[in-house]
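J.: Here's a structure for you.
The values are calculated or read from the model by the stated rules, or taken from the named source; none is laboratory data. Values in this document were obtained by computation on a predicted structure and should not be read as measured data. Ideal geometry is used to build each Cβ from the backbone, glycine not excepted, and the neighbour counts take in all protein chains shown.
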Amino acid sequence: LKAAKGGVGFPSSSLLPMTGTNYNIAKLEVINNGKSITEARVDIDVSWQSLEYYAGIAGTLAGQHIQLPGGSFAYTRREALGVCVGIGAWNYPFQIACWKSAPALACGNAMVFKPSPFTAVTAVILAEIYKEAGVPDGLFNVVQGGAETGTLLCNHPGVAKVSFTGSVPTGKKIMEMSAKTVKQVTLELGGKSPLIIFKDCELENAVRGALMANFLTQGEVCCNGTRVYVQREIMPVFLEEVVKRTKAISIGDPLLEDTRMGALITRQHLDKVLGFVSQAKKEGAKVLCGGEAFTPIEPKLKGGYYMSPCVLDNCTDDMTCVKEEIFGPVMSVMPFDTEEEVLKRANNTTFGLASGVFTRDISRAHRVAENLQAGTCFINNYNISPVEVPFGGYKQSGFGRENGQVTIEYYSQLKTVVVEMGAVDDYFNC
Ligand SMILES: NC(=O)c1ccc[n+]([C@@H]2O[C@H](COP(=O)([O-])OP(=O)(O)OC[C@H]3O[C@@H](n4cnc5c(N)ncnc54)[C@H](O)[C@@H]3O)[C@@H](O)[C@H]2O)c1
């Protein structure tokens, strides 16, 4: 691990060169996860930006002064919670570790972080970076393991808070375990987000947006807009363009600069995603492209967990591919006629992580954003997550937020101090 790390420190300029510490961490993240190096570099950039952002906020944490009658007053202090546990998913291993630990440490907490056993490596690099940056021993700790280790952490009486990123079923268990000792919980869970494309959109952008909403990190992105609703009049031209571009996505060695789609996380997960495509066909969907296991030409990549990105047409709201989170490169496309209708259909889900809308009508864009039941709505773009902007779910996609100033609320608690400047009331007449 040491050899992979080229240096220390968090540079202050965006989009770093393809050498040095960040590039080496990105390379390790590719080996960890299978995503393309281009994406992994962005992940690492977003990660150090998160550390810088919360390091800046740390010095601004403050309470409030409240004047009371007779010169008395109260003030509030923002205090740490104590030991916070972070439990991560495998799709953004380093970034998740940063998004949780940066605000936790900025608020004065310690963190015990458990990465997914499928992507165990880069959280350890983060621990090394913290150590070299001067963080005292014990403040950020990495514990490796799977469900059993996670269970022990959630049940531990010394833990004040659990911040979890993962699936809805595990999130429910985390909440149950945490309830036993009334631990605070942040849940960043799964999604099945709608992307609504109106006929007055800028089509080129909408097509690019649909690709952004479905195919980053091999489609293994929680906030992906996998239910793509397209207004009927532009459906043929949209499908033609989206299929043309999906077919052109370069799949293969994720360490190569030109690759845009790497390998899925495990054989088991690849089989599960391919199973969703088969099920979709059985239920009447039409595969316009992809949806098959893919073998890159390089001999060393044979046996890798690659698949071709898939666009499904003829989908209806009741199909499994439209209702369930696939967590792979599978886009389901459906026509709609009116705004009112599409909003009803978009909201008809137990998930509520993200949503998107493409239109040139600004009134419509904001009206749709208001009416979509999701923690984020992207207007005329998709999957943009700057550190300054809060991120989190509605409904069963979870609660609490990551990123932005508001996250301070989820890693700290308020103490109220009441100060009497006069005499204490003789209320009991004694
Ligand atoms: N909302 C978000 O920010 C966000 C981000 C990334 C991924 N996700 C979601 O994560 C899921 C994919 O990730 P995954 O397959 O790693 O999820 P998962 O729920 O299987 O596992 C997530 C983490 O929980 C741990 N874990 C599993 N069982 C546990 C238990 N009983 N007690 C404590 N910990 C336990 C795992 O070891 C892992 O570290 C998808 O549903 C995706 O949408 C959400």
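J.: Say we look at region 101-122 and pick out the residues that are part of a strand (DSSP E or B) and either among the aromatic types (Phe, Trp, Tyr) or more than 9 Å from the ligand (Cβ to nearest atom) (or both); which of these is farthest from VAL142 (Cα to Cα)?
T.: ALA110
J.: Here are the criteria: (1) among the basic types (Lys, Arg); (2) under 25 Å from ASN347 (Cβ atoms); (3) within 10 Å of the ligand (Cβ to nearest atom). Tell me which single one LYS199 does not satisfy.
T.: Just one mismatch for LYS199, condition (3).
J.: Condition test on ALA160, is it under 27 Å from GLN405 (Cβ atoms) and assigned to a loop (DSSP other than H, G, I, E, B)?
T.: no
J.: Turning to a different aspect of this structure: Look at GLY150 and say whether it is within 10 Å of the ligand (Cβ to nearest atom), closer than 30 Å to LYS323 by Cα and not in a loop (DSSP other than H, G, I, E, B).
T.: Yes: the conditions hold for GLY150.
J.: If you go through region 325-337 one residue at a time, do you hit one that is surrounded by fewer than 22 Cβ atoms within 10 Å (Cβ to Cβ), over 22 Å from ASN380 (Cα atoms) and at pLDDT 95 or above?
T.: So far as region 325-337 goes, yes, one or more of its residues are surrounded by fewer than 22 Cβ atoms within 10 Å (Cβ to Cβ), over 22 Å from ASN380 (Cα atoms) and at pLDDT 95 or above.
J.: Sticking with this one: When you check CYS98 against the structure, is it more than 11 Å from the ligand (Cβ to nearest atom) and either touching a strand residue (DSSP E or B) at 6+ places or on another chain (Cβ under 7 Å) or among the aliphatic types (A, V, I, L, M) (or both), yes or no?
T.: no
J.: Determine if region 372-382 includes at least one residue that is over 27 Å from SER47 (Cβ atoms) and either aromatic (Phe, Trp, Tyr) or more than 13 Å from the chain's Cα centre (by Cα) (or both).
T.: Yes, region 372-382 has at least one match.
J.: For the list (1) in contact (Cβ under 8 Å) with a residue 40 or more places away in the chain; (2) assigned by the TED database to the domain that holds GLU39, I need the number of the one condition that VAL406 fails.
T.: Against the list (1) in contact (Cβ under 8 Å) with a residue 40 or more places away in the chain; (2) assigned by the TED database to the domain that holds GLU39, VAL406 comes up short only on (1).
J.: So, one more: On the given criteria, is SER178 under 25 Å from ILE44 (Cα atoms) and within 12 Å of the ligand (Cβ to nearest atom)?
T.: Here the answer is no, as SER178 does not meet what is asked.
J.: Looking for whichever is away from the ligand (no atom under 15 Å from the Cβ), assigned by the TED database to the domain that holds PHE294, part of a loop (DSSP other than H, G, I, E, B) and acidic (Asp, Glu) here; the options are GLU233, GLU240, GLU257. Which one fits?
T.: Criteria check complete, one pass: GLU257.
J.: Here are the criteria: (1) over 29 Å from PHE391 (Cβ atoms); (2) surrounded by fewer than 13 Cβ atoms within 10 Å (Cβ to Cβ); (3) modelled with pLDDT of 95 or more. Tell me which single one GLU257 does not satisfy.
T.: (1)
J.: Does any residue of region 214-224 turn out to be under 29 Å from CYS84 (Cα atoms), within 16 Å of the ligand (Cβ to nearest atom), modelled with pLDDT of 95 or more and part of a helix (DSSP H, G or I)?
T.: yes
J.: Can you give me the number of residues within region 291-317 that are in contact with a Leu (Cβ under 8 Å, 6 or more places away or on another chain), touching a residue at least 24 places away in the same chain (Cβ under 8 Å) and not in a strand (DSSP E or B)?
T.: Here the count works out to 3.
J.: Regarding region 128-135, can at least one residue be identified that is near the ligand (Cβ under 9 Å from one of its atoms), surrounded by fewer than 24 Cβ atoms within 10 Å (Cβ to Cβ) and assigned by the TED database to the domain that holds GLU409?
T.: no
J.: Within the group ARG232, ARG245, ARG227, ARG208, which residue is surrounded by fewer than 23 Cβ atoms within 10 Å (Cβ to Cβ), in contact with a strand residue (DSSP E or B) (Cβ under 8 Å, 6 or more places away or on another chain) and at pLDDT 95 or above?
T.: Being surrounded by fewer than 23 Cβ atoms within 10 Å (Cβ to Cβ), in contact with a strand residue (DSSP E or B) (Cβ under 8 Å, 6 or more places away or on another chain) and at pLDDT 95 or above holds for just one of ARG232, ARG245, ARG227, ARG208, which is ARG232.
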